[in-house]
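A.B. asks: The structure is given below, and queries will be raised subsequently.
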Amino acid sequence: MIEFGASHRRRHCFNVVHNKMKDLVHLVNCLILIVFAFTGCSKQANVEQPKTITLSYSGKSATAALREMMNPPSSKIEFDNPEDGYFQAYLLIQESEATKNQQESISYLEKSLEYLRAVKSSYPDWKTPMVDGRIQNTKNKLDFLSMNELNSK
């Protein structure tokens, strides 16, 4: 049996506490996001809303974590109207640009493309040039990131 010294036990305790603190920070970030996103409190107080809210946690923003909690992965993409689907795609594109992890960025762009294609197929007459342009732009970003990933290997 291997026995560890006091310094190893202290380091282990520090790591456990550190991970718990990261979880707490993540929870607080999500709660802040919920307040801004769902109550519109800054509008009611006549405060100018920031264009984007980015709260980081372990390389993933709180918006991404919250979206994953609220919208678990499913094979079928659902939204009530084309604006909602397009907005979800837009948020995913923003997340892809905010992350430093290339693989995660590709994943966000692929999911965004799914939403955009679902908007196009469900509402073919809704703002066709805008949707087509966003689809093409997203494909170009995906191609660029995929080529970079291949070149880096």
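The values are calculated or read from the model by the stated rules, or taken from the named source; none is laboratory data. Computed from a prediction, not measured in an experiment: that's the story for all the values here. All Cβ positions, even for glycine, are placed from backbone atoms using ideal geometry, and neighbour counts span all protein chains on display.
A.B. asks: Within the stretch 111-124, can you find the residues that are touching a Leu at 6+ places or on another chain (Cβ under 7 Å) and among the charged types (D, E, K, R)?
C.D. replies: Of everything in the stretch 111-124, just one residue is touching a Leu at 6+ places or on another chain (Cβ under 7 Å) and among the charged types (D, E, K, R), namely 111.
A.B. asks: I'd like to check something: does the stretch 77-91 contain any residue that is acidic (Asp, Glu), at pLDDT below 95 and in a helix (DSSP H, G or I)?
C.D. replies: Among the residues of the stretch 77-91, not one is acidic (Asp, Glu), at pLDDT below 95 and in a helix (DSSP H, G or I), which makes the answer no.
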